[in-house]
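Any read-out appearing in this document is the output of simple, stated calculations on the displayed coordinates, not a laboratory observation. Since we're looking at a predicted model, the values are computed, not measured. Please note: Cβ atoms are built from the backbone with ideal geometry, for glycine as well, and neighbour counts cover all protein chains shown.
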Amino acid sequence: MNSNIQPILDRVLDGERLSAEDCTTLLESNDLVRIGLAADEIRQRKNPGDVVTYIIDRNINYTNVCNVVCTFCAFYRRPGKPDTYVHSIEEIEKRIDETIALGGTGVLMQGGLHPDLNIEWYEDLLRTLHAKYPTFQLHCFSPPEIHNISLISELDYATIMQRLKDAGLNSMPGGGGEILDDEVRKRVSTKCTTQEWLDVMRAAHKVGLRTTATMMFGIGDRVEHRVRHLQRVRDVQDETGGFTAFIPWTFQRENTALGRKITEEPTGIDYLKMLSVSRLFLDNIQHIQASWLTQGIKLGQTALRFGADDMGSIMIEENVVSAAGANNEASERDLRYQISEAGYRPQQRDILYNYVNRENTEDLDTRNSMPLKQLSVAFAD
Ligand code: SF4
C-alpha cells in the first residue's frame, strides 16, 4: 500500500516519537528509500560518525535438548533421543580458548529448554567459567531459558537473575522473542508467553544486567503483530533502559516444520524496511544491529545505510539458524572489509558496546580476504 509517509518522517526527524499508527503506515508503505534515508539520519544522530561496530564472539549451544516445540526450529532434539547432547565444562572451555585465540571477548551461550537442569547447574557453569576467565564476557541464557529455570527450580525471575549475575553472568541475549504477540507465538511455539519474555527482561534490567532485544518475523505474523512487538520493546525500555540493541531478522525456514507450511517469506526489502522502521520507532534504543548471518553479507552491508550501526558478530560457531538453512560465513577480515567498502570504519566492540582495540587489526583491512571456509574448518568439531 502506498501512502504519504513524508509527514510521519518529518515528525520523526523533528524529534517526535512515532505512534503505533505511524509505525503501521511506514511498514505498509513501499517507499523503502525515503524510510531508509530517515533511518540513516536518525542513526547518525544517535551514533554520529563513520564507525560501524562488530564483535568477535562465539555462539555456544550448551545443549540441544528441549522440552518444548517451536515449529520454526531445526535445532532442538526431544529429551531421550539418541543425538542429544549437553556440553561438559571442558568442551565449553575449549571453545572459549579458541575464541580468545581469535581476539574474542565473550561468548553468547544459549541452549534448548532442558527439563533437568536446575539453577545450581547454571550457577556452577557460570562460576567455573568466570573464575577461569574473569574478564571474558558471559552473555548467556535468553528469556525462555530463564522461564524454564523458574519452572524447574520454583524461583521467581528476579531471584534467578540476581543469582546468575552473582555467579558471573555479564549480560543476556534477547533470543526467543520471535514475535512478541501471543496470537502469533501460540501458533508456532509452546515456550514462554509474551508477558513472560518481557517480565524476564524487566527482572534482568532491574538487577543491573543489560540485554539485547530481538525480533524474528515471517512466521505467519502480520504488520499489526510486528508493530505490537516494537511497542512492547519500547515500553519496557522506557521503564528500565536496559536494552543495548535491537536485532530484527527473518525466519530461516529450511528443515523446519513451519517452513514446510509457510508459502510467503519476507523479502530483502521487507527486512530493510523492518530494520529502518525499528530505528525510527525505537527512539530509546541506541544500537540497531544488521543480521548478516541470516540475510547474507551483502544485505547486511546494505543495512548499514538503512539505520544499522552495528554488524553483529563474526560468529565463530553458530548452530541454530545454520540448522535452518542460514549458512553465511565471514571472518573478521571479511567483515571489516565489507564494512570498509560500505564507507565506514570497522571497530571491534565487546558485548556491552565498549570499543576493543587490538594491535594490528588494520592489517586485516585489505582486499585479499581470508578464504571464507578457513575459520569453520579450523574450528570444526
Ligand atoms: S527455538 Fe529454542 S525453545 Fe524452541 S524448540 Fe528450538 S531450542 Fe527449543
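For the options Trp121, Trp249, Trp197, a Gaussian network treatment of the chain with springs between C-alpha atoms closer than 10 Å singles out Trp121 as fluctuating the most. Distance between the C-alpha centres of segment 108-143 and segment 5-63: 33 Å, rounded to the whole angstrom.
Which residue fluctuates the most in the chain, going by a Gaussian network model with Cα springs under 10 Å, if the choices are Arg95, Arg333, Arg45? Judging by the Gaussian network model, the answer is Arg45. Strictly greater than 24 Å: what percent of every Cα pair in segment 18-378 meets that? Taking all Cα-Cα pairs of segment 18-378, the fraction more than 24 Å apart is 55 percent.
From helices alone, the chain scores -13000 deg cm²/dmol at 222 nm; the rule is -39500 (n - 2.57) for each run of n ≥ 4 DSSP H residues, then divide by the residue total.
Please tell me which of these pairs span more than 31 angstrom C-alpha to C-alpha: Lys94/Lys165; Lys206/Lys261; Lys46/Lys186; Lys186/Lys298; Lys81/Lys191; Lys132/Lys206? Walk me through the numbers on the way to the answer.
Values: Lys94/Lys165 23 Å; Lys206/Lys261 40 Å; Lys46/Lys186 35 Å; Lys186/Lys298 34 Å; Lys81/Lys191 20 Å; Lys132/Lys206 27 Å.
Exceeds cut-off: Lys206/Lys261; Lys46/Lys186; Lys186/Lys298.
Rounded to the nearest 20, the Cβ-based charge dipole of the chain about its Cα centre (Lys and Arg +1, Asp and Glu -1) stands at 340 debye.
Kirkwood hydrodynamic radius of segment 52-140, from the reciprocal of the average inverse Cα-Cα distance over all distinct pairs: 14.1 Å. Kirkwood analysis of segment 1-60, using all unique Cα-Cα pairs, places the hydrodynamic radius at 13.3 Å.
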